[in-house]
Each structure stands twice: as structure tokens, then as C-alpha cells.
Amino acid sequence: MKQKIVFILLTIMTIAAFYERGYFSTNHYTISNDAGNLEYAFNNQISNLQVEGEGIVAKVLRDDTEDIRHQRFILRISGEQTVLIAHNIDLAPRVENIKNGDKVKFFGEYEWNKKGGVIHWTHRDPNKKHVNGWIRYQDRQYQ
């Protein structure tokens, strides 16, 4: 009986240490945009969702240069749904020569908003506390 209690306590302590280091997070789940998962996240106002998918560039926007700089473009991921990609160009290289109609793959964190949502964290985390994201465009990965 004493061995079981020691085992359970060690297991709990190990899990707690993993949580503290960010290996587990109740706020980050990974899904793909297959079968309408991003549509589901949008319709149910779900945020902090790690997503992987692809879309077609609907519009290239000006960079956001306030505070942390982000390259921004809108992707159409299904018939009606679009998402804003906010790619941190202070931490990752700019996606070169992107234009309307181009196919882009992504892995990042989805945040809900009423316009369709935003995908960010499309780069490596220098602090190693967040899942690394990326953008793939024309056979090149940006992160």
C-alpha cells in the first residue's frame, strides 16, 4: 500500500513539473482545418487553439508596425470562411513575394474574432514556452 502511495505521489509530481515547463497546456489543442474544424472554432468562439491548415491568399494587407511588427494577409480556408494570418516578422523572416491567389500552409494559434479569426504564433518561440509555428509558401518554410 505504501509503495502505491509513493508511486502516485511521484506520478503527480512528474505531471506537475511537465505542466510548469509548458509541456501540457489546457489552452492549446491541435486540429487541422479538415472537416470544418476551423469553422467549428469560429462558430463556437473558441480561441487558444493550435491549428494546421492551408488556404488561398484572398488579400495581402499592409504590415502592422505598431509595437511588434507583423506581416498580414487574409486566407480563404473554405467557401466562406477567411482568417487573418499575423506573422511576426521581428522573430521570423518575411514571407517573400506573396500575392492574391497563392496557396499557403500554416501552423499556428487560432484566436477567435467576429471577422473569422486570427492565426498567430507562426514562428519559433525564443522562450521555448509555446508550440513553434510556421508558414509554408512555395516550398519554403518560414518560422
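Select, from Ala92, Ala41, the only residue that is modelled with pLDDT of 90 or more, surrounded by 15 or more Cβ atoms within 10 Å (Cβ to Cβ) and not in a strand (DSSP E or B).
Ala92
Considering every residue within region 56-75, establish whether at least one is buried (at least 17 other Cβ atoms within 10 Å of the Cβ) and assigned to a loop (DSSP other than H, G, I, E, B).
Within region 56-75 (the criterion being buried (at least 17 other Cβ atoms within 10 Å of the Cβ) and assigned to a loop (DSSP other than H, G, I, E, B)), the answer is no, since none of the residues qualifies.
Identify all residues within region 90-120 that are among the hydrophobic types (A, V, I, L, M, F, W, C) and farther than 20 Å from Val51 by Cα; write none if there are none.
Selection gives Ile98 alone.
Of the residues in region 121-131, how many are closer than 20 Å to Leu49 by Cβ and touching a residue at least 12 places away in the same chain (Cβ under 8 Å)? Write out each step before concluding.
First, pick out the residues of region 121-131 that are closer than 20 Å to Leu49 by Cβ: 121-125, 129-131.
Checking which are touching a residue at least 12 places away in the same chain (Cβ under 8 Å) leaves us with 121-124, 129-131.
Total meeting the criteria: 7.
Select from region 103-126 the residues that are over 14 Å from the mean Cα position of the chain (by Cα) and more than 23 Å from Thr65 (Cβ to Cβ) and write down the one among them that is modelled with the lowest pLDDT.
The selected residue is Lys114.
Provide a single number: the residues in region 87-142 that are among the β-branched types (Val, Ile, Thr) and under 16 Å from Leu61 (Cα atoms).
To start, the set of residues in region 87-142 that are among the β-branched types (Val, Ile, Thr) comprises 89, 95, 98, 104, 118-119, 122, 131, 135.
Those still in the list that are under 16 Å from Leu61 (Cα atoms) too: 89, 95, 98, 104, 118-119.
The qualifying residues number 6.
Out of everything in region 98-120 that is in a loop (DSSP other than H, G, I, E, B) and without any contact (Cβ under 8 Å) to a residue 40 or more places away in the chain, what residue ends up being farthest from Gln45 (Cα to Cα)?
Lys115
The values are calculated or read from the model by the stated rules, or taken from the named source; none is laboratory data. As the structure is a prediction and not an experimental result, all values here were calculated from the model. Cβ atoms come from the backbone with ideal geometry, glycine included; neighbour counts cover every protein chain shown.
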